[in-house]
Amino acid sequence: MNDPIFGKPIFTYTTKEAVEYGFLIKIDSKILSEAGIKFPVYLTRSVYDKYVCVPKELKHEQDIDGRLWDLLYMFAFKAKNCSSSTVDFDFICRLPNKGDWEENEKRQSINPFQRLVTLHSEIRARDFDDPSPAIFIMKPGED
């Protein structure tokens, strides 16, 4: 792919490569369909590890599908009323209170296990050589 002004790219890093290397997690289309999401969704590794994977302290209370559903449902709910290619959305996530709070997390109640988490999403071309739309969900400030 040559750009008429800038010429041939020096380096490219594709979405497919990011999935292969584990930096992006592609969500199964079945759960996306159930949540009413029409486009492919990719989560950054940091979002997946912190908010979708179940911490060992909560394994007896939660499962990975339920946590993923909560995140996707709140994204879809917020995105339905948005006309922008970016959407910030909130959802409540249970996490052990280990002092690992981040800027995108706020205390939801007196329960120290509940956090109101803000995430950022962008709808854009799936890849530089694939203009079909895809949704990328990340922590605020991630690219």
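The values are calculated or read from the model by the stated rules, or taken from the named source; none is laboratory data. Since this is a predicted model, take the numbers as computed values, not measurements. Quick reminder, even Gly has a Cβ in these numbers, built from the backbone with ideal geometry, and neighbours come from all protein chains shown.
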**OP:** State the number of residues belonging to the stretch 38-54 that are in contact with a Ser or Thr (Cβ under 9 Å, 6 or more places away or on another chain) and either farther than 16 Å from residue 77 by Cβ or assigned to a loop (DSSP other than H, G, I, E, B) (or both).
**Re:** 3
**OP:** Among residues belonging to the stretch 16-68 that are of a type in the set (Phe, Trp, Tyr) and touching a residue at least 60 places away in the same chain (Cβ under 8 Å), point out the one that is surrounded by the fewest Cβ atoms within 10 Å (Cβ to Cβ).
**Re:** 39
Subject >> Failed item in (1) under 19 Å from residue 122 (Cα atoms); (2) within 12 Å of the chain's Cα centre (by Cα), with residue 49 passing the rest >> reply: (1)
Original post:
Which residues, taken from the stretch 71-117, are within 11 Å of residue 51 (Cβ to Cβ) and touching a Pro at 6+ places or on another chain (Cβ under 7 Å)?
Top reply: 95, 104
Original post:
Filter the stretch 101-143 for residues that are of a type in the set (Ser, Thr, Tyr) and in a strand (DSSP E or B); which is surrounded by the fewest Cβ atoms within 10 Å (Cβ to Cβ)?
Top reply: 132
**OP:** Would you mind stating whether residue 49 is in contact with a His (Cβ under 6 Å, 6 or more places away or on another chain) and closer than 12 Å to residue 138 by Cα?
**Re:** no
**OP:** Please enumerate the residues belonging to the stretch 98-129 that are free of Cβ contacts under 8 Å to residues at least 24 places away in the same chain and closer than 19 Å to residue 24 by Cα.
**Re:** 125
Subject >> Residue match in the stretch 5-17 (condition: over 19 Å from residue 130 (Cα atoms), under 14 Å from the mean Cα position of the chain (by Cα) and of a type in the set (A, V, I, L, M)) >> reply: no
Original post:
Given the conditions (1) hydrophobic (A, V, I, L, M, F, W, C); (2) under 14 Å from the mean Cα position of the chain (by Cα); (3) farther than 19 Å from residue 22 by Cα, and given that residue 95 satisfies all but one, which numbered condition is not satisfied?
Top reply: (2)
Original post:
Do we find a residue being among the acidic types (Asp, Glu), assigned to a loop (DSSP other than H, G, I, E, B) and at pLDDT 80 or above anywhere in the stretch 6-20?
Top reply: no
**OP:** Could you please tell me which pairs satisfy a Cβ distance under 7 Å, a separation of 6+ or placement on different chains, a first residue in the stretch 73-97 that is crowded, with 18+ Cβ neighbours inside 10 Å, and a second residue that is of a type in the set (Lys, Arg)?
**Re:** 87/78; 89/78; 93/115; 95/115
